[in-house]
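Contents: one structure, followed by commentary.
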Amino acid sequence: MLRLTGEPVRMCDGVSRRSFLQIGGLAMGGLSLPQILQAQQQTGAVSQHKAVIMIFLAGGPPHQDMLDLKPDAPVEIRGEFQPIDTNVTGIQISELMPRVAGMMDKFAVIRSLVGAEGRHDSFECCTGHHFNGNQPQGGWPAMGAVLSKLHGPVSTAVPPYIDLSQKMAHDPWNIKGLGFLGAGHAPFRPDGESMRNMTLDQESSQRLQSRAHLLQQFDRFRRRSDQQVAEGLADTFTEQALNVLSSSKLAEALDLEREDPQVRALYGKDDLDVLGYNHKKGYMAIMSRFLQARRLVEAGARCVTCSFAHFDWHGKNFQHARKVVPLLDQGIAGLVEDLHFRGLDKDVTVVVWGEFGRTPKINERAGRDHWPRVHAALMAGGGMTTGQVIGATNRLAEEAVDRPVHMQEVFATIYKNLGIDVANTTLVDNNGRPQYLVDRHSSIHELS
């Protein structure tokens, strides 16, 4: 996190709430903000604005208790929840998800998701690749970084890749970023003070000049300390850096006080202590992030990621699910309903998933353990054919027995929705080798 300290106005913690800027992920990898903007623009931008919102359910959500219930299975398998009908004949999901059930025509359920690596890590959900696979030098980039590289920013005032996820104590769950594409395509994290200090609406011209001077000082420091950074940035990129810092566009997109109260209510209320424990570790139910995600894609973001609570329930699975899943149900139903209401359902793809599923058999602590052999996902928007279930598992939800869908097929589908041909698109890694975005996997034809 970069902190540019301005005029000191002492508060109880010793730092002024209005005396500094923080530039999160935009100052990663030793590059200044103008350099990042320059790196993004070198690839050019496209006029069409397609976007993706990825909701990561850290820990592995229990597919048997949410999207693939088995009411006829033995009691030690089926659990405590009952399936309910949806507004699509023949499709049932958990009683904990009535809002999604009421608009199932706007969702597609994948019940036969395979290819999970089995790690407690967001890496595969962010990149589509295994962490333990043959990674190119520098590592695989996340989808948001790929979009930043291939399509560039829609607006110089809004970064193309934004991560709204709360910082989680288990570091591998935190959203992945740039990979071999470099710091110019890192995700922007509008956390804490940077969210409150991203606008100069009431600042004087003298204050703006002061901030410009601070930016110049920072750039001089970087040039002195890093011999790898070229000296002398083009004026146009310095101007764009100031656009991000001084424009109200990004700050307004993040400011939910500007949203209609009825729309805010659609998404539900945040619960910072939903699990009754470890709320300080970042495992919170923040539905308002979904609303911010919608506002950000409207403002010009190409990829927005969110995390939600955590699902690593080796014990008290059903107790935790009763608290967490209904909140998730309201948040994602509100998001998809809002996207349709605003006519964004053709342009914005939504995917909701975790890194793997949970064991069919309930353990002695009333929990479910790790199960990478199959899991489930929800998809919506993107102009896809929704109102359907893709794939099926056996009677115990152990294996995919009909239409296994690889996780990379989900990536190929999202890339297709974003106008990217995965069969012919490559990115050059740090060794100068072209790398395909996915490994010989086509998009999910049922969603076309």
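The values are calculated or read from the model by the stated rules, or taken from the named source; none is laboratory data. Treat the numbers as computed from the prediction; the structure is a model and nothing was measured. Here the Cβ positions follow ideal geometry from the backbone for every residue, glycine too, while neighbour counts run over all protein chains shown.
Can you spot a residue in the stretch 403-410 that is free of Cβ contacts under 8 Å to residues at least 40 places away in the same chain, over 24 Å from residue 336 (Cβ atoms) and outside any loop (DSSP other than H, G, I, E, B)?
no
Only residues that are surrounded by fewer than 17 Cβ atoms within 10 Å (Cβ to Cβ), of a type in the set (Val, Ile, Thr) and in a helix (DSSP H, G or I): list them for the stretch 73-118, please.
75
From the residues in the stretch 130-146 that are without any contact (Cβ under 8 Å) to a residue 60 or more places away in the chain and out of contact with any helix residue (DSSP H, G or I) (no Cβ under 7 Å at 6 or more places or on another chain), which one is surrounded by the most Cβ atoms within 10 Å (Cβ to Cβ)?
Filtering first and then ranking leaves 135.
Can you say whether residue 149 is at pLDDT 55 or above, assigned to a loop (DSSP other than H, G, I, E, B), under 30 Å from residue 424 (Cβ atoms) and not hydroxyl-bearing (Ser, Thr, Tyr), as far as the supplied structure shows?
The answer is no for residue 149.
How many of the residues in the stretch 303-327 are more than 25 Å from residue 260 (Cβ to Cβ), in a loop (DSSP other than H, G, I, E, B) and either touching a strand residue (DSSP E or B) at 6+ places or on another chain (Cβ under 7 Å) or of a type outside the set (Gly, Ala, Ser) (or both)?
7
Condition first: modelled with pLDDT under 90, outside any helix (DSSP H, G or I) and either surrounded by 18 or more Cβ atoms within 10 Å (Cβ to Cβ) or of a type in the set (Ser, Thr, Tyr) (or both). Now tell me which residues in the stretch 231-275 satisfy that.
233, 247, 275
If you go through the stretch 152-164 one residue at a time, how many are crowded, with 23+ Cβ neighbours inside 10 Å and not in a loop (DSSP other than H, G, I, E, B)?
3
Would you say residue 144 is outside any loop (DSSP other than H, G, I, E, B), on the phi < 0 side of the Ramachandran plot and either at pLDDT 95 or above or of a type in the set (Gly, Ala, Ser) (or both)?
The answer is yes for residue 144.
I'm told residue 440 meets every condition in (1) surrounded by fewer than 15 Cβ atoms within 10 Å (Cβ to Cβ); (2) in contact with an Asp or Glu (Cβ under 7 Å, 6 or more places away or on another chain) except one. Can you identify the failing condition by its number?
(2)
For residue 427, state whether it is in contact with a helix residue (DSSP H, G or I) (Cβ under 9 Å, 6 or more places away or on another chain), aliphatic (A, V, I, L, M) and in a loop (DSSP other than H, G, I, E, B).
It is false that residue 427 is in contact with a helix residue (DSSP H, G or I) (Cβ under 9 Å, 6 or more places away or on another chain), aliphatic (A, V, I, L, M) and in a loop (DSSP other than H, G, I, E, B).
If you go through the stretch 165-186, how many residues are of a type in the set (D, E, K, R), surrounded by fewer than 24 Cβ atoms within 10 Å (Cβ to Cβ) and touching a residue at least 40 places away in the same chain (Cβ under 8 Å)?
1
Residues that are surrounded by fewer than 22 Cβ atoms within 10 Å (Cβ to Cβ), under 24 Å from residue 305 (Cβ atoms), modelled with pLDDT under 95 and not small (Gly, Ala, Ser): does the stretch 49-67 have at least one?
yes
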